[in-house]
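Worksheet for the structure shown next.
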Amino acid sequence: MSSVTRSRRQVRLSRALGIALTPKAVKHFEKRPYAPGEHGRSRRRTESDYAVRLREKQRLRAQYALREKQLRATYDQARKLDGLTGETMVELLETRLDALVLRAGFARTILQARQAVVHRHILVDGKLVDRPSFKVKPGQTIQVKPKMQAATPYQVAAAGAHRDVLPAVPGYLDVQLEKLSAVLVRKPVRAEVPVQCEVNLVVEYYAR
C-alpha cells in the first residue's frame, strides 16, 4: 500500500471515528467533522447503544493501530488485574514499545513508530527489539539505534519537529529528545495517557 493510499485511509477512518488519527487528518477533519458518505452528517443521531460502544472500541483500536484480536487479548488481560478494567486496558496498551516511541516524539504517527520498531531501529536497554507489542517495564530505556540517529527522519525528530503535532510528553516518560532516548520512569496512569476514548464503553462492548 502506498503512503498516499494509507494517508487517505487514515483520513477517512478519522472522520468515521470522530477523531484525528494523524497530523495530516487534522486539517481534513476540521473541514468535515462528520462521518464520510452522504449520510455522514446525520448518522449519529439514530445510533443504537451497540453502535456507540462499537465506535468507542474502534476508536481505541485505531489509536494504537491494533488488530481486533490484539485489543480483545488486552481486555482479557486487564479484566484479570486489579483496578478498573477500561483504565487498566489503556495503561497496558501504553507500555507497548511502539506507543512509547510515538509518545517520546521519535515518530510522528503510531504507524511510523511501528515501522521504526519493525525495521530494527529501536533499542531497549541497549538491545534490539523488533516487536511493536513488546512491553516496556519501568526503568527501561528506549533509544534509536546509534547507527540510525544520523538518518534524516531521526534528525528531524531530534530537532523537535514532531512536538507541534504530538501531545505533551506524559509524566511517565523522561525524554532526552536530542539524544533520541527516553526512560519509562513508572507505569502509565490512564488520566495522563493522551488517548481519546470512553473506556467504560469499550468494557461494555466486550462484556455484552
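Accessible surface area normalised per residue over region 50-208 is 49 Å², counting heavy atoms of protein chains with a 1.4 Å rolling probe. Listed by chain and number, the aspartates and glutamates placed with their C-alpha closer than 17 angstrom to that of residue 57 are 47, 49, 68, 76, 87, 91, 94, 198, 204; residues fewer than eight positions away on the same chain are left out. Here the Karplus relation 6.51 cos²θ - 1.76 cosθ + 1.60, evaluated at θ = phi - 60°, turns the backbone of region 168-181 into coupling constants of 4, 4, x, x, 7, 10, 10, 10, 10, 4, 5, 9, 6, 9 Hz, with x for every Gly and Pro.
How much of residue 141 can a 1.4 Å solvent probe reach, expressed as accessible area in Å² and rounded to 10? For residue 141, solvent-accessible area is about 40 Å². Within the accessible surface of region 61-122, defined with a 1.4 Å probe on protein heavy atoms only, the carbon and sulfur portion equals 47 percent.
For region 105-208, the calculated P(r), taken from all Cα-Cα distances in 10 Å bins from zero up to the bin holding the longest distance, is 14, 43, 31, 10, 2 percent. The H on the amide N of residue 181, modeled in the peptide plane, is under 5 Å from the matching H of 176, each at least 5 residues off or on a different chain.
The values are calculated or read from the model by the stated rules, or taken from the named source; none is laboratory data. Just so we're clear, the structure is a prediction, and the values are computed from it rather than from any experiment. Just the protein is used for accessible areas: all its heavy atoms, side chains included, with ligands, DNA and RNA removed. Shrake-Rupley method; radii C 1.70, N 1.55, O 1.52, S 1.80 Å.
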